[in-house]
Amino acid sequence: MNVTVPREISTDRLRLRRWLPEDLVSFAALNADPRVNEYLPTVLSREQSDAKVAQIEAHFDQHGFGLWAVEIPGVAPFAGFLGLSTPRFEAHFTPSVEIGWRLSAEHWGHGYATEGARAVLAFGFDVVLLEEIVSITVPANVRSRRVMEKIGMTHNPADDFDPISFMKTSAKRSSS
């Protein structure tokens, strides 16, 4: 699936854009923050963080979509990432396209993830023409689950997968 990916997506308060070299330092700090990585297997070293950006950029090249860097104009030149990716593991619902986000803790609680995720869902359904977009988290990650609910995703316990601690939500293209 190859689409012409825009260099950026703008919302009222956010600019979702391709990655810049100057994002690497801030991204490494985000990936080293235990609060941000509470529900992930581990914090990342600088080298692992830089490798993640290289993977993100390669994903854009391969699929025509990916995880954009989040800029909050006038507030933060880099606040995290938000976008679409293809899970790199096998489960009963793969292959699929996942919406995901990771923002610096200082930007939590302002509605940025919800605002950006709505724009990304619109891009996924209207430009990429996806039929379904999934999101994955652990049940304890209440903040991410709340964003999933706010953007209209639904959880079906039958979609949860091993390890048992993961749950999947999904949004489907509206028929209108």
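The values are calculated or read from the model by the stated rules, or taken from the named source; none is laboratory data. Everything quoted here is computed from the prediction, not taken from an experiment. So basically every Cβ, Gly included, is an ideal-geometry build from the backbone, and we count neighbours across all protein chains shown. The protein model used for the area step is the full one, side chains on, heavy atoms only, and it has no ligands, DNA or RNA in it. Shrake-Rupley method; radii C 1.70, N 1.55, O 1.52, S 1.80 Å.
Each row is one residue, and each column tells you yes or no for (1) modelled with pLDDT of 90 or more; (2) under 19 Å from M153 (Cβ atoms); (3) within 13 Å of the chain's Cα centre (by Cα).
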site	(1), (2), (3)
S45	yes, no, no
I72	yes, no, no
P77	yes, no, no
F89	no, no, no
I99	yes, yes, yes
I136	no, yes, yes
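Is region 48-60 home to any residue that is without any contact (Cβ under 8 Å) to a residue 12 or more places away in the chain and either within 16 Å of E8 (Cα to Cα) or outside any helix (DSSP H, G or I) (or both)?
no
Given (1) open to solvent by 20 Å² or more (accessible area, probe 1.4 Å); (2) over 24 Å from L20 (Cβ atoms); (3) modelled with pLDDT of 95 or more, identify the lone condition not met by H110.
Here H110 meets the rest and fails (2).
Being more than 20 Å from S10 (Cα to Cα), outside any helix (DSSP H, G or I) and open to solvent by 50 Å² or more (accessible area, probe 1.4 Å), is that true of even one residue in region 114-131?
Yes, that holds for at least one residue.
Looking only at region 138-151, filter to residues that are closer than 14 Å to G100 by Cα and either open to solvent by less than 90 Å² (accessible area, probe 1.4 Å) or in a loop (DSSP other than H, G, I, E, B) (or both); which one of those is modelled with the lowest pLDDT?
For region 138-151, the residue satisfying everything is V138.
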